[in-house]
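This report concerns only the one structure given below.
Nothing in this text is a laboratory measurement; each read-out follows from the coordinates by a stated rule. Just so it is clear, the structure is predicted and the values come from calculations on it, not from any experiment. All Cβ positions, glycine included, derive from the backbone under ideal geometry; neighbour counts span all protein chains shown.
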Amino acid sequence: MKNILTFVEIKEGSILKNSLEAISAGKKIGDKVIATILENNEKMIEELINRGADEVLVLKSEKLGKVNLDIYVEALENVLKDREFTAFILGGTLVGKELASRLASRLEVGCVTDAIGLKLDENKNIIWTCSAYGGTLFSDMMMDNSKLQIGTIRSGAFKKLEEEERKGEVVSLELELGEKGIKTRIVDVVKEISETVDLESAEVIIAGGRGMGNADNFKLIEQLADLLGGVVGATRPAIEAGWISKNHQVGQSGKIVGPKLYIACGISGAVQHVSGMVGSDYIVAINKDEDAPIFDVANVGIVGNVMEALPIMINEIKQKKEN
Ligand SMILES: Cc1cc2nc3c(=O)[nH]c(=O)nc-3n(C[C@H](O)[C@H](O)[C@H](O)COP(=O)(O)OP(=O)(O)OC[C@H]3O[C@@H](n4cnc5c(N)ncnc54)[C@H](O)[C@@H]3O)c2cc1C
């Protein structure tokens, strides 16, 4: 019986999409998926079950109030030692990656980051697939299957399951957390402007590259993103040119995204960029070069000048919204 534990990350009162994707990843290899949540919130528990969790494990401790990874590590270590799990899967967010590596080190077990595939081989060993060399190769990895396996998954690589009414168990676990491993005390949480760029959970991303030409033209990207309720993404050259901040970077050294719609404007489609957005459901690319590699991954390609195409799109959408 393979019991898979998944971590539920909450931001601003909602479950992150990555955590729902972790449940569907767990379903691929487990007999039972147990989602662990650090907040006793009925609506969220129901959503987790309706999105595939067979059990929701609610961790309770007065110390679990604010986001403090030292405390989370303590709590999760307790859970992972208390019950037997085959694997622990987390979304590949900054929080997920930090928890995964710290827990793997404490428990002396293996850890894979940024998995894009999960399956069982004929001997029921778990195979974690990751991409290497900027997405040009896939590597299949196996860990010691006599021990717990920990892994984070790439955003968008596993689609969250459609919500449907399901039944599941809810188990509460009261934790006695000591002060031993707690080195950080959260005094206050201050929201920075940069934090509002939530590329990893965005459903619509409009991204601009060097082909946008300059900072003024780049504002068209922001306009279209506003109109579509989306978020602005960018390639590294657009960031290096100072048109937008680094928080917007999509790709190998930026964020890995998986929105429903990704519109790439003036982006060539270098492997370091594509590896970060190829998990998008629907990709539209605008590029004046018909041979640009971005068209290889696009569902719809517009060969043309962004400075002509974008104002037309913006006007059309504005008109549609007004009618
Ligand atoms: C280790 C490493 C890590 C990297 N990490 C990242 C990363 O995380 N993210 C990332 O994005 N890059 C990353 N890069 C850089 C990457 O290799 C590419 O250089 C970059 O993605 C190219 O960005 P671009 O498409 O904006 O620019 P370009 O490759 O210069 O492409 C611009 C495109 O715009 C088109 N164009 C020009 N004018 C117009 C116009 N008026 N209308 C329509 N189209 C037009 C051109 O035809 C061209 O295809 C990394 C590189 C390295 C070495």
Discussion item. Relative to 2.2 N^0.38 Å, what does the C-alpha radius of gyration of the range 3-174 come to as a ratio? Two decimals please.
Written reply: 0.96
Discussion item. For the chain, compute Rg over Rh where Rg is the Cα radius of gyration and Rh is the Kirkwood radius from the inverse mean 1/r over Cα pairs.
Written reply: 1.00
Fill in: Gain on full stretching of the segment that runs from N305 to K43 - 0.36 nm per residue minus C-alpha separation
89.7 nm
Worksheet entry | Cα-based Kirkwood hydrodynamic radius, the range 154-219, one decimal, Å | 18.5
Fill in: Sorted peptide list for 34-42, 206-214, 301-309, 268-276, criterion being average Cβ within 10 angstrom, highest first
206-214, 268-276, 34-42, 301-309
Worksheet item: Where is the GNM fluctuation largest for the chain (alpha-carbon springs, 10 angstrom cutoff): K32, K180, K63?
Response: K180
Worksheet entry | Point-to-point label distance, E164-L69, nm (Cα→Cβ direction, 7 Å offset) | 3.7
Practice prompt. For the range 58-79 and the range 135-157, write down the distance between their C-alpha centroids in whole Å.
Written response: 25
Worksheet item: Counting only DSSP beta bridges with both residues in the chain, what percent are antiparallel, rounded to the nearest 5?
Response: 20
Worksheet entry | Debye intensity ratio in log₁₀ form over the Cα atoms of the range 193-322, taken at each q of 0.10, 0.19 Å⁻¹ | -0.26, -1.01
Worksheet item: If you take the C-alpha gyration tensor of the range 258-316, multiply each eigenvalue by 5 and take the square root, what semi-axes do you get, largest first, in whole Å?
Response: 19, 14, 8
Worksheet entry | By average C-beta atoms within 10 angstrom, highest first, the peptides 17-28, 234-245, 281-292 | 17-28, 234-245, 281-292
Worksheet entry | HN-Hα J in Hz across the range 208-217 - Karplus 6.51, -1.76, 1.60, θ = phi - 60°, x for Gly and Pro | x, x, 4, x, 6, x, 7, 5, 5, 4
Worksheet, complete the sentence: Calc'd 3J(HN,Hα), the range 227-237, phi into Karplus 6.51 cos²θ - 1.76 cosθ + 1.60 (θ = phi - 60°), Hz, glycine/Pro = x, comes to 4, 9, x, x, 10, 8, x, 7, 8, 4, x
Item to complete: Taking 7 Å along the Cα-to-C-beta vector as the label spot, tell me the L120-K183 distance in nanometres, rounded to one decimal.
Response: 3.9
